[in-house]
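Here's the structure we're looking at; comments come further down.
The values are calculated or read from the model by the stated rules, or taken from the named source; none is laboratory data. Just so you know, these numbers come straight off a predicted model, no measurement behind them. Here the Cβ positions follow ideal geometry from the backbone for every residue, glycine too, while neighbour counts run over all protein chains shown. The accessibility values were calculated without ligands, DNA or RNA, using every heavy atom of the protein model including side chains. Shrake-Rupley method; radii C 1.70, N 1.55, O 1.52, S 1.80 Å.
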Amino acid sequence: MVDNLTELPGVGPSTADKLIEAGYTDFMKIATATIGELTDIEGISEKAAARMIMGARELCDLGFKSGADLLDQRKTVWRLSTGSDELDRILNGGLESQSITEFAGIFGSGKTQVMHQACVNLQCEDKLLMNEGALNEDELKEPKAVYIDTEGTFRPERIVQMAESLDIDGQKVLDNTFVARAYNSDMQMLFAEKIEELIKSGNNIKLVIVDSLTSTFRNEYTGRGKLAERQQKLGRHMALLNKLADLHNCIVLITNQVAARPDAFFGAAEQAIGGHIVGHAATFRFFLRKGKGDKRVAKLYDSPYLPDSEAIFRITEKGIHD
Ligand code: GTP
Ligand code: MG
């Protein structure tokens, strides 16, 4: 998607071309860019960059909002059951729209399974919880999911198996789930950008999944020298996901790998990848770990409005449940 960049203050056709050539094809990318990034483009001064960014932020509605507007927006929040009542309970009812929920954990901890279950539950009416009277009738009509798969672990057979155990049509779930395999971070970011187009062409996208958020970035940006660049890009990706959640009342779920904490003297020995950029952009953060047999423990932490707490659930052939 290419926006008409000449709508921005101080941008004529030739500057617009330069911006597009440098990859700044739409207002959102400019709104979330830094002045330093834009002044890297030849012929753009600091002052001009600042004006463009401010202009783009206004067009993207990234300015001030009144508290009353925010309260109205909060009223349209809806929830999706994870499949486990325990897990839903510590989330205050289920996975929440207008926010990003992160599931971090080691391999086999169940992150991908939770993502598959969310796609299935989205097609199950009694797994959707709405604020009474606050949603318009069409809001959750024929909801669809987008699954950005960076590790090649999306399994349609597993979706069908989970759906059948809930007595819903597995084919219907697959029809309503767009899957995109991203082989690198550029593809991953591009797919996230394309979601806007899917919505514009009439798909009621209500669930966006990135599984996993950080593996491509981690592979491509190795070493200290690349860290700043990686974080900047990751920050832009998170900003876009947040915008989707906010503007389209979507649930956004991300999975994340963990790394050993070098300074783990107190507290957990592992932490989620991505640092503050990911931590601050995600509203709800979970740490998953394996328990006995098919049991899994999910720990909710760092939430701005919910207490730290733990839930135990199971992963069986039926899917995620208590
Ligand atoms: P990575 O992506 O490797 O970091 O792991 P992950 O956290 O995404 O783990 P994933 O969700 O893939 O969980 C895999 C685990 O789920 C397996 O070890 C099994 O315990 C369980 N699991 C997956 N599929 C099935 C299934 O069909 N039946 C049962 N009973 N368990 C399953
Ligand atoms: Mg996985």
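At 1.4 Å probe radius, can you tell me the per residue accessible area of region 5-60 in Å²?
51
Give the calculated FRET efficiency between Q161 and K295 to the nearest 0.05, with a Förster radius of 22 Å applied to their Cβ-Cβ distance.
It comes out at approximately 0.65.
Using Cα-Cα distances under 8 Å and only pairs 6 or more residues apart, what relative contact order does the chain have, in percent?
Taking the mean separation of contacting Cα pairs over the length of the chain, I get 21 percent.
Tell me the relative contact order for region 5-60 as a rounded percent, counting alpha carbon contacts under 8 Å between residues six or more apart.
Details: 56 pairs, mean separation 23.5, N = 56.
RCO, region 5-60: 42 percent.
Looking at region 59-135, what % of the alpha carbon pairs are farther apart than 20 Å?
42
Taking Cα pairs under 8 Å and at least six residues apart, what relative contact order does region 99-180 come out at, in percent?
Value for region 99-180: 34 percent.
Counting only protein heavy atoms and a 1.4 Å probe, tell me what percentage of the chain's accessible area is made up of carbon and sulfur.
51
How much net charge surrounds G63 when only the other residues with a Cβ under 15 Å from the Cβ of G63 are counted, with Lys and Arg +1 and Asp and Glu -1?
Local charge sum for G63: 0.
Which one of I205, I312, I44 has the biggest mean-square fluctuation once the chain is modelled by GNM with Cα springs under 10 Å?
I44
Whole-Hz Karplus ³J(HN,Hα) for region 174-182, in order, using 6.51 cos²θ - 1.76 cosθ + 1.60 and θ = phi - 60°, x for Gly and Pro?
Residue by residue, region 174-182 yields 5, 4, 9, 10, 8, 10, 10, 8, 9 Hz.
May I ask for the percentage of alpha-carbon pairs in region 5-60 that lie more than 14 Å from each other?
42
Y305: accessible area at probe 1.4 Å, nearest 10 Å²?
130
Can you give me the long-range amide H partners of S309? Hydrogens built in the peptide plane at 1.01 Å from N, cutoff under 5 Å, separation of 5 or more residues or another chain.
Long-range HN contacts for S309: L300.
What does the extension gain come out to for K318 and A259, with contour length at 0.36 nm per residue minus their alpha carbon separation?
Between K318 and A259, full extension yields 18.2 nm more.
Can you give me the Cα centroid spacing of region 85-109 and region 215-275 in angstrom?
Going from one Cα centre to the other spans 17 Å.
From the protein chains alone at 1.4 Å, what is the descending order of accessible area for K65, K127, K141, largest first?
K141, K65, K127
Need the full-extension length gain, D69 to A50, defined as separation in residues times 0.36 nm minus the C-alpha distance. One decimal, nm.
Details: separation 19, 0.36 × 19 = 6.84 nm, distance 2.70 nm.
Once the chain is fully extended between D69 and A50, it gains 4.1 nm.
Please get the size of the charge dipole for region 39-79, origin at its Cα centre, with Cβ charges of +1 on Lys and Arg and -1 on Asp and Glu, quoted in debye to the nearest 20.
Rounded to the nearest 20 debye, it is 340 debye.
Taking each pair of different alpha-carbon atoms in the chain once, compute 1/r for the pair, average those values, and report the inverse of that mean as the Kirkwood hydrodynamic radius in Å to one decimal.
Working: mean 1/r = 0.0482 Å⁻¹.
The Cα-based Kirkwood calculation yields 20.7 Å.
From the helices alone, meaning DSSP H stretches of at least four residues, give me the mean residue ellipticity at 222 nm for the chain, per-run term -39500 (n - 2.57), in deg cm²/dmol to the nearest 500.
Calculated at 222 nm, the ellipticity per residue is -11500 deg cm²/dmol.
With +1 on the Cβ of every Lys and Arg and -1 on the Cβ of every Asp and Glu, and nothing else charged, how large is the dipole of the chain about its Cα centre, in debye rounded to the nearest 20?
Its charge dipole is roughly 980 debye.
Counting DSSP beta bridges in the chain, what percent are antiparallel, to the nearest 5?
45
How much of T34 can a 1.4 Å solvent probe reach, expressed as accessible area in Å² and rounded to 10?
Rounded to the nearest 10, the figure is 60 Å².
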